[in-house]
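Step one of this worksheet: look at the structure below.
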Amino acid sequence: MLRLSVVVSAARASSAAARVGLLLVVLAAVCSSAAQAGGPVVSDVPPIDGITVDGDPTDWGDRGFHIELLVSDDISMRPPDDLDAECRLGWNSDGLLVLVSVLDDTPYESRSAKELWEHDSIELFVAADRETAAHAQFIVSPGLDPEYPDTRIQPGDQRADKSEEMTADIEVREQEGGYVLEMFFPWSNLQLAPTGGEEIGFQVFVNDSDGPDDRFSVIWHPRMRSDGGSRASHIVCLAEEAGPPVRIAARGSYERFRRIRVDVAAVAELAGESVELCEGTCAVASAELAEKEGRVSAKLVVPLPPRGEPLPEVAVCLDDEVVVPCELPDIEQARARELIEGMPFHFRPYVFGGTNFPSCDFERPNLAEDMIGSYTVERTFYDQHYNEVDSADEPGRYGAVVKIVPEQGKLLTLYRTLFRMPESYELKWFPRYSGLQVALPPMKGFDPRIAERQADAINDVFWMLFRFNFDREPSIAALAASLAETTPEGPKTTVANDFFAQDRQWWVGLKRKLYEMDEAYPEAFECPRPKEGDPAPVLREGTLEEAGADPEGVEKIDALLKEWAADSGEGFAVCLARHGVVFLHKAYGERDGRPMTLTDKSWNASITKLLSATLTMTLVDQGRVELDDTVDKFLPPFRGVEVETPITIRHLYTHTAGLWGHWGDELHDFDQLIGYYYPHLDVGKRFEYNGAGYSIAGKIIEMASGEAIPQFYKRHLLDPLGCENLDVFGNSWDSRAAPMDLAKIGQMLLNRGAYGDMRFFSEDTFAQMMPDKLTKVLGSDKTSEVGIGCYWMSEKEFGKQTFGHGAASSADLLISPEKDMVVVMTRNMAGKNFGKYHQKFLEAVAEAVE
């Protein structure tokens, strides 16, 4: 174990002076930066006495362990006149003392009390030891924004033992150009009674926003992913003396997988100094720490060893002393991720003539060879009827199954749609087709009247894009195939049967054949089924008395929503129902220059995850899948891979599969891509919110049912419920709905899987969907609760069993068994003053049905 003497001083804090709570998240993590030096870095923290928690740093003097440099995850920093921050730590027998000083030129704080981290705020993380996932958390918004002048606190209690209330004494004080946050965190929160020498986990985030669409974070580098929210922790030792301050940070990466690059950031006083990249006692690269825009940095570059040779163990040195051990990313993991994320593979062209299939390769074959070595490409083609063919003898759709086979290592399989044009068809691109009419969406900073005057030029631009990408864009092949296969007498085109959906369904059929899932699940899936006994409640119009809603309370809600719409600039619509009776169904404000209507579809964002989970539960109910089934049961790309923990469907829906980002729904080969990366996934190690797990779950639904996701939604959820104004193509983020349609799904879930005379799944199956502690997937010390596509929400207003899912659009879908109620608000974005009105809206609804 490498010990860098970073000491936190022990301080006896006066809790009487503290009035405001602070954000502390304690995460157990091993500091990754020292792995090359033989173990985690341990930072020593010294004791301090005589500190009063009042936001005034004067009584600290020069005491404590100084973290003078906070940088972003990639070592970047904003100019110091925009954002600058530092932190100090101290301890005593009663608790941990934290002082954070922030300079911030533009106060902008979160409009949502539940998402303080999105804008100006401080987050602190502390864990009892470096092994446990249990931790304490507070997020603090300082209250410098004129619209939010009070300090706000968002705690996150992830301790294993919650028998005692989690507390912290905090004071936030404004200073010239920023603010100071001082906190005393009692050891009793973590059931600790340290006497010296103990080690805990600690991390600090400072979040900065200069406006609603801006967010930047700096941390005590390096960042170590260890738990929910992608948080980080360093190991600090409660020592007798403070160690040297943190004044330099380094991050290793790979340039085009040909060179090792180490970026270095340092405090201003080190400008002009020379830093070296050392391998053992040998300096292999050097650079001067140069100042630019008030920040000091350097870049160190050395050649990457040939494939198969070990990476060097390197550190950044200053004055012949190691100041930052630098852990390089796992090279094979980095190569695999780049291959599946950043290496486009194309046919040229996708739309072709004649019987010969076009050629294909990576867009950058030289870089591909740098990553995986010499490789060959094997191709198998299928006609529109799933027959394997060697040539394109007939015009129409073809599917290409491409295997990229390196000389060493794992092969990667990709799927691509091709289209062979009819022999007699000739595309006449000139003169330009004048029938194309493009309407640009509203764009901030652009006057729409100018776009109207430039309409012909705008049409020309889009015509040229289409013309010159006709045979290069894969979606054009899917579009051409759809146009060739669709008859004019067919049904109205929707997201369930447009060319994207048709292409997806075709690939579902081929993949089921290749995966032999058509033999495992040959029968058509039937859902919903007839409900036994009395019909379940369905949404209907009725009286306020039937809904148990107070007339004056409903008038108050309506008045508040009118005021909100006038003060927001963002149109929205609501549907409130109780006992199955709709007692407020109304649109407010404007959208695109016209009054908002009840049939306008709004972006549901991540409420889509709850819809996706509902689909899976229909399959669970009929035994086609189980939540603890491993994904390789349905997806062969995950078979035969040595992993510590196999991915289950439960992992996918609880964000614990090690996946990242919101992507993959539209990729027919997404299961192949993630199967290729499978050995590198940290399955069951942490909670990390993402949509990719839902995309893989969608592939499982398709393999078990034979229906592509858009058709599955339509046949087994939307059409039976009469949801005519709800569009959904994917599994995690893309659905759009009018409020009544979303409320119907909410009522079905409120009925525990039934609606009228239809049953979508049993009450026992519904119970499996509800939030539960993550102990099943993350271990016994993990206390946060996550459901299958849902969370406990708005407990204060609507009762402890209220569930639903949040949305980046700030839409609401809340289902309250205690109130027998569904609350829906649909909107495309939060808009101005969301934080001012949203909580008032929830409280007004709750008051109206008391």
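The values are calculated or read from the model by the stated rules, or taken from the named source; none is laboratory data. Note that the structure is predicted; figures quoted are calculated from it, not measured. Quick reminder, even Gly has a Cβ in these numbers, built from the backbone with ideal geometry, and neighbours come from all protein chains shown. Note: accessible area is taken over every heavy atom of the protein model, side chains too, but ligands, DNA and RNA are not part of it. Shrake-Rupley method; radii C 1.70, N 1.55, O 1.52, S 1.80 Å.
Quickly estimate the mean residue ellipticity at 222 nm for the chain, helices only: each DSSP H run with n ≥ 4 gives -39500 (n - 2.57), and the total goes over all residues, rounded to 500.
Computed ellipticity for the chain at 222 nm equals -6000 deg cm²/dmol.
Out of the total accessible area of segment 730-850 (probe 1.4 Å, heavy atoms of protein only), what percent is carbon and sulfur? Before the final figure, lay out each step's value.
Details: 1910 of 4110 Å².
Ligands and nucleic acids excluded, carbon and sulfur give 46 percent.
Give the aspartates and glutamates whose C-alpha is closer than 20 Å to that of residue 601, dropping any in the same chain fewer than 8 places away, or say none.
Within the straight-line cut-off, residue 601 pairs with 498, 570, 590, 592, 719, 724, 727, 734, 741, 812.
Could you work out how much longer the chain between residue 764 and residue 59 gets when fully extended? Use 0.36 nm per residue separation minus the Cα distance between them, nm to one decimal.
247.8 nm
Starting from 0.36 nm per residue, how many nanometres of slack lie between residue 466 and residue 545 once their C-alpha separation is accounted for?
Net length gain for the segment: 22.7 nm.
For the chain, what is the accessible area per residue in Å² when the probe is 1.4 Å?
I get 42 Å² per residue for this part.
Suppose a student asked you for the relative contact order of the chain, using Cα pairs under 8 Å spaced at least 6 residues apart; what percent would you report?
Averaging sequence separation for qualifying contacts and normalising by length gives 11 percent for the chain.
Please report how far the C-alpha centroid of segment 494-521 lies from that of segment 106-160, rounded to the nearest whole angstrom.
Comparing the Cα centres of segment 494-521 and segment 106-160, I get a distance of 45 Å.
Tell me, Kirkwood radius of segment 772-850 from alpha-carbon pair distances, in Å?
In segment 772-850 this quantity evaluates to 13.9 Å.
For residue 599, what accessible surface area do you get with a 1.4 Å probe? Give it in Å², rounded to 10.
Roughly 80 Å² of residue 599 is accessible to a 1.4 Å probe.
Multiplying the sequence separation of residue 68 and residue 332 by 0.36 nm and subtracting their Cα-Cα distance, what value in nm do you get?
Extra length from residue 68 to residue 332 when fully extended: 91.6 nm.
Hey, got a sec? Which GluC sites (Glu not before Pro) in segment 246-323 land in a DSSP loop and have at most 12 other Cβ atoms within 10 Å?
Numbers: sites: 255, 269, 273, 276, 279, 288, 291, 293, 313, 321; in loops: 273, 293, 313.
When the GluC sites (Glu not before Pro) of segment 246-323 are filtered for loop state and at most 12 Cβ neighbours within 10 Å, 293 remain.
Hey, with R₀ at 25 Å, roughly what FRET efficiency would residue 757 and residue 579 work out to, going by the Cβ-Cβ distance, to 0.05?
0.85
To the nearest 0.05, how large is the calculated FRET efficiency for residue 313 and residue 76 if R₀ is 35 Å and r is the Cβ-Cβ distance? Can you show the working numbers first?
Numbers: r = 25 Å, r/R0 = 0.72.
E(calc), rounded to 0.05, equals 0.85.
I want to check the label-to-label distance for residue 287 and residue 410. Put each point 7 Å from Cα in the C-beta direction and report it in nm to one decimal.
Output for this residue pair reads 3.2 nm.
Determine the order of 453, 529, 159, 650 by accessible area, beginning with the largest, at a probe radius of 1.4 Å. Intermediate values should be presented prior to the final figure.
On the way: 453 185, 529 125, 159 10, 650 35 Å².
Ranked from most to least accessible, the order is 453, 529, 650, 159.
Place a +1 charge on the Cβ of each Lys and Arg in segment 191-305 and a -1 charge on the Cβ of each Asp and Glu, then give the dipole magnitude about the Cα centre in debye, rounded to the nearest 20.
For segment 191-305, the charge dipole is close to 640 debye.
What distance in nm separates the simple spin-label points at residue 836 and residue 215, each placed 7 Å from Cα in the Cβ direction?
The two pseudo-label positions are separated by 2.3 nm.
For segment 553-658, rounded, prolate or oblate, judged on the Cα gyration tensor with a ≥ b ≥ c (square roots of eigenvalues), a/c < 1.5 rounded, else prolate if a/b > b/c?
Since a/c reaches 1.5 and a/b is larger than b/c, the shape of segment 553-658 is classed as prolate.
Could you check how much of the accessible area of segment 471-542 is carbon and sulfur, as a whole percent, using a 1.4 Å probe?
Within segment 471-542, the accessible surface is 52 percent carbon and sulfur.
With semi-axes √(5λ) of the Cα gyration tensor in Å as the read-out, I listed [x] 59, 30, 23; [y] 49, 34, 29; [z] 46, 38, 27; which label goes with the value calculated from this structure?
[z]
Positive end of the dipole of segment 454-513, charges at C-beta (+1 Lys, Arg; -1 Asp, Glu), about the Cα centre: which of 505, 487, 454 has its Cα farthest in that direction?
505
Can you compute the modelled spin-label distance between residue 361 and residue 378, with each label point 7 Å from Cα toward Cβ, in nm?
Placing both labels 7 Å along Cα→Cβ, they lie 2.0 nm apart.
Express the carbon and sulfur contribution to the solvent-accessible surface of segment 256-382 as a percent, rounded to the nearest whole number, probe 1.4 angstrom. Numbers along the way, then the final one.
Working: 2730 of 6320 Å².
Percent of accessible area from carbon and sulfur atoms in segment 256-382: 43.
Too long at a 21 Å Cα-Cα cut-off: which of 744/776; 162/840; 114/609; 492/699; 162/800?
Pairs exceeding 21 Å: 744/776; 162/840; 492/699.
In terms of solvent-accessible area of protein heavy atoms at a 1.4 angstrom probe, what is the ranking of 762, 816, highest value first?
Numbers: 762 35, 816 5 Å².
Largest accessible area first, the residues go 762, 816.
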